[in-house]
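One structure is given below, encoded as structure tokens.
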Amino acid sequence: MKHSTLAIQGGTPIRKEKFRRYNFIGDEEKAAVNSVLDSGILSKFLGSHHQNFGGGEVVRSLEAEWSAYFKVKHAICLNSATSGLIAAVGAVGVGPGDQVIVTPFSMTISASCPLFYGGIPVFADIEEDYFCLSPESVEAKINSKTKAIVIVDIFGQPYDVEKIRDLAKKNDLKVIEDASQSPLAKHGDAFAGTLGDVGVFSLNYHKHIHCGEGGIVVTDNDEIAERVRLIRNHAEAVVQKRGITNLVNMIGHNFRMTEIEAAIARCQLRKLEDLVIERRANVEVLSKSLSQFAGLKPAKVRAGSTHSYYLHACLFDESIVGVSRNKFIDAVKAELPVTENREEEGVTLNYGYVQPLYLQPLYQQRMAMGEKGFPFSDYGQGISYEKGLCPVAEKLFEKSFFCHDFMNPPKSKQDLKDVIDAFEKVYSLRHLL
Ligand SMILES: *Cc1c(COP(=O)(O)O)cnc(C)c1O
């Protein structure tokens with residue numbers, strides 16, 4: 001069909017009927033939750049040196065299943081990946097004035113987590129092709145105060161493992177891997193999440209699988225695992241009887257997961273592989289079509305890695321397309337419908353991803369803890385959060401990056417075709433924009 005008027009200019013959109021809802025909570029989850037409810041024990045944690053210090057049966061079953069699935073020695077359930085990242089930073093011993101290298105191009109907590117221990121986030125730039133922290137940029141930020149790197153497998157694919165591992169080894173740094181967006185992605189034979197010293201998964205509603213809110217920390221390191229468990233559950237009340245003598249960061253939170261969430265997450269874990277396979281198949285179809293439009297470039301997958309597609313990232317070259325990214329993407333959005341149940345999110349096609357995180361007021365005004373702005377006030381001298389700090393992240397945000405989640409199941413062939421038709425229509429009529 002030949003179109004002559006873009007929807008954004010009053011024409012008929014390619015599709016009005018909403019995409020079907022993304023809901024993989026089914027009878028298994030309901031039965032599992034009911035059996036927890038019937039037991040009357042909705043959480044069994046005790047914040048003391050007791051057999052229930054590590055939680056109830058369902059939490060511990062999820063931990064055993066998660067560690068077997070991802071081939072890692074310890075899996076520790078928490079109430080979010082946010083808590084998981086904070087606990088991981090504490091467990092590796094970050095303290096006031098320690099510098100932690102972070103990425104500007106991620107969800108907010110990937111960069112702010114060191115601040116909870118007085119650590120200073122130091123932003124390095126990202127790779128143009130894969131959007132993870134660039135090893136060269138990381139290397140340039142390392143100094144004698146650097147203690148750790150928080151690295152994100154952004155959009156669903158692992159970071160440059162070999163180069164980061166070498167840097168960490170050479171400089172005695174801990175690598176905290178934020179795998180919230182990359183469950184089941186692999187680097188070689190190893191799963192994302194298990195590539196650094198400690199990894200963190202998210203089970204929030206937006207992720208591949210979810211249990212409402214939840215997070216899982218994984219590590220092969222016994223000491224880090226023990227310290228994450230302590231930070232999760234009132235460390236200071238437990239260390240004495242547990243024989244812990246190194247008290248660094250042994251102030252605890254309540255970061256515990258309930259039995260209900262664990263019951264749901266156990267069912268969800270069994271669905272993960274099929275969901276990722278479907279995402280990959282959908283991306284293959286979409287990538288092939290989108291890459292036919294000169295100036296649009298679906299992002300590459302790193303050699304030796306697999307991708308689990310939390311989002312499908314694409315590059316946009318205005319000089320080839322002839323119109324700005326924002327104009328073009330707004331026009332495509334106008335051709336497509338929202339998704340049932342997630343109407344308030346709008347059409348799930350976005351330009352820019354996130355504003356580079358150092359441009360947030362937190363960093364611009366250097367106000368974190370208390371009126372004086374600790375830890376920036378004491379330890380932030382010489383650390384820049386100026387615009388221009390990470391040119392690649394800024395360029396992607398401002399001009400050359402877009403992403404979408406149209407590969408999210410369930411999608412029919414027709415759904416994918418409608419997405420491609422929307423791009424095709426806008427591309428062929430872009431001279432009207
Ligand atoms: C979602 C997400 C988080 C936070 O997950 P929560 O479980 O909501 O705390 C952290 N990092 C990244 C990269 C994420 O995508």
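The values are calculated or read from the model by the stated rules, or taken from the named source; none is laboratory data. Values in this document were obtained by computation on a predicted structure and should not be read as measured data. All Cβ positions, even for glycine, are placed from backbone atoms using ideal geometry, and neighbour counts span all protein chains on display.
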Filter the range 2-35 down to the residues that are in a loop (DSSP other than H, G, I, E, B) and in contact with a strand residue (DSSP E or B) (Cβ under 7 Å, 6 or more places away or on another chain), then identify the one that is nearest to residue 337 (Cα to Cα).
-> 18
So, of the residues in the range 89-123 that are away from the ligand (no atom under 16 Å from the Cβ) and farther than 17 Å from residue 381 by Cα, which turns out to be surrounded by the most Cβ atoms within 10 Å (Cβ to Cβ)?
-> 91
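Identify, from the list 75, 68, the residue that is more than 19 Å from residue 254 (Cα to Cα) and modelled with pLDDT of 95 or more. If you could, list the steps in order and put the result at the bottom.
Numbers: 75 fails: more than 19 Å from residue 254 (Cα to Cα).
The unique qualifying residue is 68.
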When every residue in the range 31-72 that is of a type in the set (D, E, K, R) and loosely packed, with under 13 Cβ neighbours inside 10 Å is compared, the one nearest to residue 200 (Cα to Cα) is 71
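Any chance the range 38-45 includes a residue that's within 16 Å of the ligand (Cβ to nearest atom) and farther than 30 Å from residue 149 by Cα? Steps first, please.
Applying the first criterion (within 16 Å of the ligand (Cβ to nearest atom)) to the range 38-45 yields none.
Checked the range 38-45: no residue is within 16 Å of the ligand (Cβ to nearest atom) and farther than 30 Å from residue 149 by Cα.
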Looking only at residues in the range 1-22 that are more than 34 Å from the chain's Cα centre (by Cα) and surrounded by fewer than 11 Cβ atoms within 10 Å (Cβ to Cβ), which one is nearest to residue 335 (Cα to Cα)?
-> 10
Condition test on residue 245, is it surrounded by fewer than 21 Cβ atoms within 10 Å (Cβ to Cβ), out of contact with any strand residue (DSSP E or B) (no Cβ under 7 Å at 6 or more places or on another chain) and of a type in the set (Ser, Thr, Tyr)?
-> yes
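Among the residues of the range 351-366, count how many are modelled with pLDDT of 95 or more and either surrounded by fewer than 15 Cβ atoms within 10 Å (Cβ to Cβ) or not in a loop (DSSP other than H, G, I, E, B) (or both). So that I can check it myself, show each step before the final result.
Narrowing the range 351-366 to residues modelled with pLDDT of 95 or more: 354-366.
Those still in the list that are either surrounded by fewer than 15 Cβ atoms within 10 Å (Cβ to Cβ) or not in a loop (DSSP other than H, G, I, E, B) (or both) too: 355, 357-359, 361-365.
So the answer is 9.
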Total residues in the range 10-38, condition in contact (Cβ under 8 Å) with a residue 60 or more places away in the chain, over 28 Å from residue 412 (Cα atoms) and polar (S, T, N, Q) = 1
Residues located in the range 267-286, provided they are more than 24 Å from residue 67 (Cα to Cα), of a type outside the set (A, V, I, L, M, F, W, C) and touching a Leu at 6+ places or on another chain (Cβ under 8 Å) = 282
